[in-house]
Amino acid sequence: MQVVRKIEGMQEISDRLRQEDKRIGFVPTMGYLHEGHLSLVRKAKDLCDSVVVSIFVNPTQFGPGEDFERYPRDEEGDKSKLEQEGVDFLFIPEIRDMYLLGYQTYVDVTEVSKGLCGDFRPGHFRGVATVVAKLFNLVKPHVAIFGEKDYQQLLVIKRMAKDLNFDIEIIPGRTVREEDGIAMSSRNTYLSPEARKKATVLYRSLRKGKELFDSGERDVSTLSQTIRKEIESEEDVTLQYVEIRDAETLERIERVNRPAAIAVAAIIGSVRLIDNIIIGRDQG
Ligand code: PAF
């Protein structure tokens, strides 16, 4: 695996791979990799000839008071995991090269970024869309894989790629869960053992919502209330939102007559966690 730190170096590699007719698969990450990331890497490997993974803790997607400084980092551990997966290139750009002095250009996906996490993390999706657009221009992939764990992010990126005519196929990767159901996330490392136990309420509540849907309930407010009650029954969990939205557009719906995303966010032991489940498609 070749580690690339320079922007020009990455561009040269991508140009060469394209000249050689290689299909480039890309998995952007912020590092501290877990099975969830590695499942995206395997998907990229299945679909492409060359796989590029990036590690970049992107400052523009963190708000004031968020965890940019203390976001977990483990470059050596990440390298060895990616080497074992047979990744071809690991791109680790520097902040000063990604955001040159005087930087002033941002990508704003106006509608999909609204609501859900957008309400609680102002500017977050603007930072995500901006850095992903930049990474797309540097890595020049044919295919890019994003986890469904960050469902709103996935739809923001899909919309951005469509609106800005990126000739890149955006492919979703299913959420990978721990044995107790918690969605894998680099931020799980912040959880104390007690908070971790409490955090299982998120997926439990989503499963409960899905079971109710599977038993025939279609009313969004009834489904939401059931999930809300389940989460609020757990002590020391501060619920931020329970939303049930159209799975393609994230538009508000009143009844679930087509695939929908149930998305939740809560603060558990000072750690903000999100999770979601899709209902009304073949497999939840
Ligand atoms: O999901 C993430 O890790 C980040 O938001 C991403 C897509 C790498 C952009 O910084």
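Whole Å is fine, so just give me how far the alpha carbon centre of segment 201-263 lies from that of segment 16-77. Computed from Cα coordinates, the inter-centre distance equals 30 Å. For segment 1-131, the relative contact order is 32 percent, taking Cα pairs closer than 8 Å that sit 6 or more residues apart in sequence and dividing their mean separation by the residue count. Look at the alpha carbon pairs under 8 Å that are at least 6 residues apart: their mean separation over the length of the chain gives a relative contact order of 17 percent. Helix 220-232 axis versus longest C-alpha principal axis of the chain: approximately 90°, rounded to the nearest ten. Cross-linked pairs K114/K197; K197/K229; K114/K208; K43/K134; K45/K210: Cα-Cα separations exceed 29 Å for K114/K197; K45/K210. The gain in end-to-end length when the E94 to T249 segment is fully stretched comes to 52.4 nm, 0.36 nm per residue minus the alpha carbon separation. Taking 0.36 nm per residue of separation and subtracting the current Cα-Cα distance, fully stretching the chain between E75 and D167 would add 30.1 nm.
Between helix 35-47 and the chain there is an angle of about 60 degrees, using the helix long axis and the longest principal axis of the Cα atoms.
Within the chain, DSSP assigns beta bridges of which about 50% are antiparallel (rounded to the nearest 5).
With both residues required to sit in segment 143-284, DSSP beta bridges show an antiparallel share near 80%. Sorting 16-26, 261-271, 187-197 by their mean Cβ neighbour count within 10 Å, with the most densely packed peptide first, gives 261-271, 16-26, 187-197. Divide the volume of the convex hull around the Cα atoms of segment 151-209 by the residue count and you get 104 Å³ per residue.
Enter the per residue convex hull volume of the chain, computed from alpha-carbon coordinates, in Å³ rounded to the nearest integer. Don't skip to the answer; put the middle values down first.
Working: hull volume 37.5 nm³, N = 284.
Spelled out: Cα convex hull of the chain, divided by residues, is 132 Å³.
Given N residues in segment 1-90, what is Rg(Cα) / (2.2 N^0.38 Å)?
1.15
In segment 56-174, the inverse of the mean reciprocal separation of distinct Cα atoms equals 15.6 Å; this is its Kirkwood hydrodynamic radius.
Each residue of segment 254-260 was assigned a 3J(HN,Hα) from its phi angle through the Karplus expression (A = 6.51, B = -1.76, C = 1.60, θ = phi - 60°), giving 9, 10, 9, 10, 8, x, 9 Hz with x at Gly and Pro.
Principal-axis analysis of the Cα atoms of the chain puts helix 75-84 at an angle of about 80° to the longest axis.
FYI, it's all coordinate maths here, none of it is from the lab. All of these numbers come straight from a predicted model, not from anything done at the bench. Because the Cβ atoms are built from the backbone with ideal geometry, glycine has one as well, and the counts that use them run over all protein chains shown.
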